[in-house]
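The values are calculated or read from the model by the stated rules, or taken from the named source; none is laboratory data. Since we're looking at a predicted model, the values are computed, not measured. In this analysis, Cβ positions are derived from the backbone assuming ideal geometry, glycine residues included, and neighbour counts consider all displayed protein chains. What goes into the accessible areas is simple: the full protein's heavy atoms, side chains included, and nothing from ligands, DNA or RNA. Shrake-Rupley method; radii C 1.70, N 1.55, O 1.52, S 1.80 Å.
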Amino acid sequence: MSFRHLTQFDDLSMEDWDALYQQASDMIDHPEAYTDVCHGKISCNLFYEPSTRTNFSFQTAMMRLGGSVFGFADPNSSSVAKGESLKDTVKMVSGYADVVVIRSPKEGAAKAASLYSDVPVINAGDGGHMHPTQTLTDLTTIMRLRGSLDNLCVGLCGDLKNGRTVHSLITALARFQNIKFYLISPRELAIPHYMIDYMNAHEIRHVEVTNLDAVMPQLDVLYMTRIQKERFTDMAAYERNRGVYILTAKKLEKAKEHLLIMHPLPRVNEIAVEVDDDPRAVYFQQARYGMFIRMSLLKTLVAQGRKTPEPLPVGTLPVCHNSRCITQTELYLPPLTELVNGVECCAYCGHEIYPMEQIADEDV
């Protein structure tokens, strides 16, 4: 394997993905062969925001491999409530565990954690940025049920602005052949510009639309997402957009016979309960496959052992002006940037770095 941490799907080579998938597929078919492969290994799960599926999936994945789990699902029950920094929390728990799984509302938190951890770090979702293990789940589902990740017409529907699962899936499917996206959302929840730039740079065909019914007959995969109330600072905007897209049996009458209806869950009201009995609805299978691909990932990473990170310069002010970036609160983080398609971006959250005078102009 060529990767030590999984903070975004781009950390994986195609060979890495294929090896993880093949191992997960064997785990699905022969689970009894893996019940003790992580005996004596320990995972630390740091969940700074609520989670059901991802948290339970990682816990059961490690337990099915014979390992153990500790951590928190509420940071207020830990020293975080006393003001402990992310760095100190990660340095401490990486002294106890063989792998750290982190979910945070702060974008770039997993990247930041990986800079200070003595053991591999897995991103279980960082704000509206990325969710790479959900992407592994999505790819595993499509591969198991279709047999290929090429030649797909994919509809992404709902909150595409804040949907980290959507952003991760786009970057992953960019590596495969003949992919076309229909980006279905209200205009104020449209896909962020940096994701449009990414698709343009990778020559990924995409069409932005507001009408789900109009594109339904073209889709091989329909990926529904909820309108994420927790990402809104303006509740009036949330109320305007919730319930805009509700998938019903009636709307599926024009869909392909072998359409895959997927959802990262939890759903609110965007998929009617009547759809659950449609054989094309695979979102509960998707959740189960997620456990197996996480088993594959954990088995791979806990075998890497301990490695003390190189010392880093101490930052004083955030270079990034994204209000949701981890650098806004963890001021000691080194000001790391990277070039993405020739544009200087924050290495933590992926947002473009703007000059201060431009920020001032926009605030006027």
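Take every DSSP beta bridge whose two residues both sit in the chain; close to 15 percent of them are antiparallel.
Distance between Cα centroids, the range 182-232 to the range 49-114: provide it in whole Å. Centre-to-centre (Cα) distance: 30 Å.
Which residue, Ile102, Val37, Leu115, has the largest displacement toward the positive end of the dipole of the range 29-116 when charges sit on each Cβ (Lys, Arg +1; Asp, Glu -1)? Projecting each Cα onto the dipole axis, the largest value belongs to Leu115.
For the chain, averaging the sequence separation of C-alpha pairs within contact (under 8 Å, six or more residues apart) and dividing by the residue count gives a relative contact order of 18 percent. Relative protection proxy for 6-15, 161-170, 191-200, 307-316, from highest mean packing down: 161-170, 6-15, 191-200, 307-316 (other beta-carbon atoms within 10 angstrom). Partnerless cysteines in the chain, where a partner means another cysteine C-beta under 4.7 angstrom, comprise Cys38, Cys44, Cys153, Cys157, Cys345. Taking amide hydrogens as placed 1.01 Å from N in the peptide plane, the amide H of Val340 sits under 5 Å from those of Cys345, each at least 5 positions away in sequence or on another chain. Remark: the range 34-46, residue by residue, has Karplus-estimated 3J(HN,Hα) of 10, 6, 9, 6, 10, 4, x, 8, 10, 10, 10, 9, 9 Hz, where x stands for each Gly or Pro and the curve is 6.51 cos²θ - 1.76 cosθ + 1.60 at θ = phi - 60°. Amide H contacts of Leu219: Lys256, each under 5 Å away and 5 or more positions distant or on a separate chain (H built 1.01 Å from N in the peptide plane; Pro and chain starts excluded).
Please work out the Cα center distance from the range 293-355 to the range 118-137, rounded to the nearest Å. Result: 13 Å between the Cα centres.
In summary, the aspartates and glutamates within cross-link reach of Lys307, defined as a Cα separation below 15 angstrom excluding same-chain residues under 8 places away, comprise Asp98, Asp118. Working note: 222 nm ellipticity from helices only, DSSP H runs with n ≥ 4, each -39,500 (n - 2.57), summed and divided by the residues of the chain, gives -9500 deg cm²/dmol to the nearest 500. Couplings 3J(HN,Hα) for the range 140-151, derived from phi with the Karplus relation 6.51 cos²θ - 1.76 cosθ + 1.60 (θ = phi - 60°), are 4, 4, 5, 4, 5, 9, 10, x, 7, 10, 9, 6 Hz, where x marks Gly and Pro.
What accessible area per residue comes out for the range 63-160, rounded to a whole number of Å², with a 1.4 Å probe?
Values: 2910 Å² over 98 residues.
For the range 63-160, the solvent-accessible area averages 30 Å² per residue.
When a 1.4 Å probe is rolled over the protein heavy atoms, the share of accessible surface on the chain that falls to carbon and sulfur comes to 50 percent.
Each residue of the range 196-207 was assigned a 3J(HN,Hα) from its phi angle through the Karplus curve 6.51 cos²θ - 1.76 cosθ + 1.60 (θ = phi - 60°); the sequence is 4, 4, 4, 5, 5, 5, 9, 6, 8, 5, 7, 9 Hz, with glycine and proline shown as x.
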